[in-house]
Amino acid sequence: MCEAPILVVGGGPAGASAAASLAEAGLPVLLIEQRDQLGGAIHRLPAPGNASHIWRPARHRRNWARLTARLQAAAGRIETHTQTVFLGVDGQDRFLLDDRSKGLVFTRRLRAAIIAVGAVETIRPFSGWELPGVMTAGGAQVLLKETGRPLEGPILIAGSGPLLPAIAAQLAKAGNPPVAVLERGRPWNAPGALARLALSWAPMSEAATYAATLARSRVPYRCGATVTQAEPDGDGLKVGIRIGEVQEFLHVRHLLIHDGIEPNRTGIPFPEPDADVPVLLAGDGREALGADAAILDGHRAAMQLLTRLGRANRAAASDERGLQRARDFQANLARALHSEPVVPAPETVICRCEGRIYADLATLAEDASAREIRLMGRFGLGACQGRFCGPMIAALRGQPLPVTTPPRWPLRPVSVAALARLTTDETE
Amino acid sequence: MTSYFSWNGNPVAFQPGETIAAALLRAGIIDLGQPLNTPGGRVFCGIGACQGCVVAVADAAPVEACLTPARDGLRLGSLPAVGADHV
């Protein structure tokens, strides 16, 4: 009988690091990735037919080259399935995996699972954020990395965080500089946090490169500036912006929004490191600390698992120190860019899947339970299962929205025919 | 030779390895919904999370356009036209 593998869900930096570390320790690994290539959002590679590579920091290129080399060296113990999505854990505790390239849903007897599905972007809702033409900054960046080709027409970038100048500079280098970058925060009001951020060399030199590119391309970067509304306008969008007390309108084709990231936990099993089949989380999907930390966190999770399985007895102190540095950096960043939440206009869509607006949310009792918000308010009942409205509602109510238990599956669309043909290994 | 898939009955060209989402956006197709279906579908998060770009596939399950490589001859259309006459 073959040794049961450790399932690693997600082929980004955390998953790749965990898979390589486990395989190097001699354990068989089943690595699944939803895309056709490993890399995650951060290391998204150009599509095979695309020769135009966009500019990206050398540090990230080196990190991914190292991870790829480790995966290749341990390839004999890693069974990789691309275009394969994690559907969830069914009532019999089986991890359901959908290999879409084969139209095959399968499950395996597992020794353990490490789930490294990364982060989702958070956004602050405004009237019109749900319209076609509005995209997340991270989504646009993934698209740019793959195609090497910027979105066409005027682009406005708004929200908060270091991703805004990054994607703006990459778009500029690719030939379509955005009309402006609007940062909600006012970092100059938090000089202490800024001073501590300045001590982090790698992200700061990256930021300086982006700033220089934006200056060369004459892209305005405005702080304390927000989008207040968007509406359809010809084949584009009419976007209301507020800079200080001044309200203006811009006509653009694309509006890219982003207000940070948080772990993608919707429908993801709870971590159970001590269960018979241990389940651990790793990377941005456990704690959103960024790409460098995700590599450390994948290794940390692998070591924790190896210790639990009696295959190692060392927690890597260097991983913990690196993660703490990333945590401090993120905390300083959050302080530097902090801005108070704004109550959306009543007609603002909150749950896009079900078309529920802020006025609907406001009619629910202030202490409504997660169940009431879902079943009476119909928030988070739709196809995305609350991945986007969940964090919005939590921010507006000032308290986390409890996740549903047990997590509802399937997490993704799946063909009923493929589900009906579910294959299990014969050892079960 | 350029490859094509069909979107609501119209041919859309794509390059090898490109996702359905990338090809639709390059063709200027930003609104992925039916005319009366508001808000229309759209590419939003780019990582398969928001389900905003889920498109109907003739003879198969719907897929996220942002994750799925385009293939020659695929017949795609707006949701909720699953199994309807979008082919």
A:Ala359 - would you say it is among the small types (Gly, Ala, Ser), farther than 21 Å from A:Gly159 by Cα, without any contact (Cβ under 8 Å) to a residue 60 or more places away in the chain and assigned to a helix (DSSP H, G or I)? yes
Take A:Arg412 and decide whether it is modelled with pLDDT under 80, assigned to a loop (DSSP other than H, G, I, E, B) and not hydroxyl-bearing (Ser, Thr, Tyr). no
Failed condition for B:Gly48, given (1) touching a Cys at 6+ places or on another chain (Cβ under 8 Å); (2) more than 7 Å from chain A (Cβ to nearest Cβ), with all others met? (2)
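Return a yes/no flag: does the range A:225-240 have any residue that is away from chain B (no Cβ under 14 Å), part of a loop (DSSP other than H, G, I, E, B), out of contact with any Cys (no Cβ under 9 Å at 6 or more places or on another chain) and among the small types (Gly, Ala, Ser). Break it down stepwise before answering.
Within the range A:225-240, the first condition is being away from chain B (no Cβ under 14 Å), and the residues that meet it are A:225-229, A:238-240.
With the extra rule that they be part of a loop (DSSP other than H, G, I, E, B), the set shrinks to none.
The answer is no; no qualifying residue exists.
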Sole miss for A:Trp55 among (1) away from chain B (no Cβ under 14 Å); (2) crowded, with 19+ Cβ neighbours inside 10 Å; (3) not small (Gly, Ala, Ser) is condition (2)
Inside the range A:119-175, can you point out the residues that are hydroxyl-bearing (Ser, Thr, Tyr) and either within 11 Å of A:His258 (Cα to Cα) or away from chain B (no Cβ under 13 Å) (or both)? A:Thr122, A:Thr136, A:Ser160
Going through the range B:56-74 in order, the residues found to be facing another protein chain (nearest Cβ under 7 Å) and under 16 Å from A:Val416 (Cβ atoms) are B:Ala60, B:Ala61, B:Pro62, B:Val63
Within the range A:36-52, track down each residue that is within 11 Å of chain B (Cβ to nearest Cβ) and at positive phi. A:Gly40
For the range A:74-106 the number of residues that are closer than 14 Å to A:Pro413 by Cα, over 24 Å from the mean Cα position of the chain (by Cα) and assigned to a strand (DSSP E or B) is 2
From the options A:Ala112, A:Ala74, A:Ala140, A:Ala116, residue that is in the same structural domain as A:Val239 (by TED's automatic domain parsing) and either modelled with pLDDT of 95 or more or on the phi > 0 side of the Ramachandran plot (or both): A:Ala140
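Being more than 10 Å from chain A (Cβ to nearest Cβ), under 23 Å from A:Arg44 (Cβ atoms) and not in a strand (DSSP E or B) is the requirement here; does B:Leu32 meet it? Spell out the reasoning first.
On the way: more than 10 Å from chain A (Cβ to nearest Cβ): no; under 23 Å from A:Arg44 (Cβ atoms): yes; not in a strand (DSSP E or B): yes.
So B:Leu32 does not fit the description; no.
The values are calculated or read from the model by the stated rules, or taken from the named source; none is laboratory data. None of these values were measured; they are calculated from a predicted model. No Cβ is skipped: glycine too gets one built from the backbone with ideal geometry, and neighbour counts run over all protein chains shown.
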